[in-house]
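A quick write-up on the structure given underneath.
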Amino acid sequence: MSQLTRSGQKTFVGLLLGNLLIILALFQLIQYYYDHRKPMVPPRVIQSLTHLVQKLQSSPQINWPGLLEKQATPWSKITLSEKPLYADNALLKLNSAIVFDLIKSHQKLEMSVFIAQDAWLNIKILSPFSTRTHLVLILLIILFIAFFFINYWAVKTLNQPIQTVIQSLNDNKIQDNWVPIPLTGNADQRTILKKINELQSKVSKLLSNRTRVVTAISHDLRTPLTRLKLRTEYLSNDINYEKMINDINEMEVMIRETLDYFHDIHTKEKLQRFDLVAMLNSLQEDALELREKVTFKTELKKLVYTGAVNLLKRAFNNIINNAVSYGGAATIQLSVTPNTIEIIISDTGPGLSQTDLEEVFTPFYRGENSRSRTTGGTGLGLTIAKEIIQMHQGSIILTNPEEGGLKVFINLPVKFSA
């Protein structure tokens, strides 16, 4: 069952329950047939009983045990007694018509037939189905087990391509280049997977071309901007000199951060084991050297994690810088559960509006409180941070706590599978 997807498991259970209902209905149908449609006692058996009575009446008593043994059947019980065991159906003679009348009014045949003085033949015949119930149940159980494996095989065969797609998507989650999905399943399923690979290949090429174009444009803009900045120096006495320099500097920052953004989200950094506590502690020390108010709190002395060290350091640094720039100070908290590593970076600033909370991860988006040049930035810091966190199969959420400020919750899986 664990080899099937959730929908595959539901399909398998549904088929199994359906088969079980069919088997139970079949059991009831067989029982109804034997009890109501099929004669309880076949005509040949009735004729055989009639002949038995005649033989007993005409044979010496010493031969009776042998005659009874020959007549025995799995669903019959025939005995001799001095008095009739079934007094309600005690017959002085036996013929087919009388037996058929008894069969019509009884689910089982019980009667005593007079043989001789102080000698009665007691006949008890049950429905053949009632004596074979255990055999029928065994056969139905075997049938159910067969249905179990047949259904599992069928669902697994149909479910395998879906599992392949899910596994491939998980494998490609943190990779820059698309790895084609293996073509499995029947002809139709292989055709669908082939079309998905072709479509994804086109998307990957478009994204790659976009990255190259933006990178090339950003790089080429640096040269004319440098020339423009040099020429502006000749206008140092102009009233608009500072505004022009600020505009040029802002453009340089935008170009640099744009290049950094595309570099970071497409960087294939080798994963390695490192101490997350030591990393966050070093970020705090770096901030303190710049006279920034950053506090780091944790009860952990060491936390070994496997990931892209430089990228994660860039992500945490972006969030810390954002907290210091707009909140004046930052507090970093680190804790761990059996499955999740939680990092909270909070500040005491004005927080964000609901609109900003929803849009703040959009590239180049700047909130209402960060649009002045005094705060700097281009709106890519949190975007880059989110991309890096998601590369590590983590999540990042921003909230406005009741006490004010902004809290950034970062959750990383303890076991990150690249």
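The table below lists the values:
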quantity	calculated
Flag for ARG6 being at pLDDT below 80 and more than 30 Å from ASN122 (Cβ to Cβ)	yes
Of the criteria (1) in a helix (DSSP H, G or I); (2) at pLDDT 75 or above; (3) among the hydrophobic types (A, V, I, L, M, F, W, C); (4) under 30 Å from ILE389 (Cβ atoms), which one ILE181 fails	(1)
Where TYR241 falls short, out of the listed (1) aromatic (Phe, Trp, Tyr); (2) within 23 Å of GLN390 (Cβ to Cβ); (3) assigned by TED's automatic domain parsing to the domain that holds VAL214	(2)
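A quick yes/no check of all residues on (1) modelled with pLDDT under 80; (2) of a type in the set (Val, Ile, Thr):
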| residue | (1), (2) |
| --- | --- |
| LEU29 | yes, no |
| PRO39 | yes, no |
| PRO43 | yes, no |
| LEU52 | yes, no |
| LYS55 | no, no |
| PRO60 | no, no |
| LEU80 | no, no |
| GLN107 | yes, no |
| VAL136 | yes, yes |
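The values are calculated or read from the model by the stated rules, or taken from the named source; none is laboratory data. Nothing here was measured: the structure is a model prediction, and the numbers come from that model. Cβ: placed from backbone, ideal geometry, glycine included. Neighbour counts: every protein chain shown.
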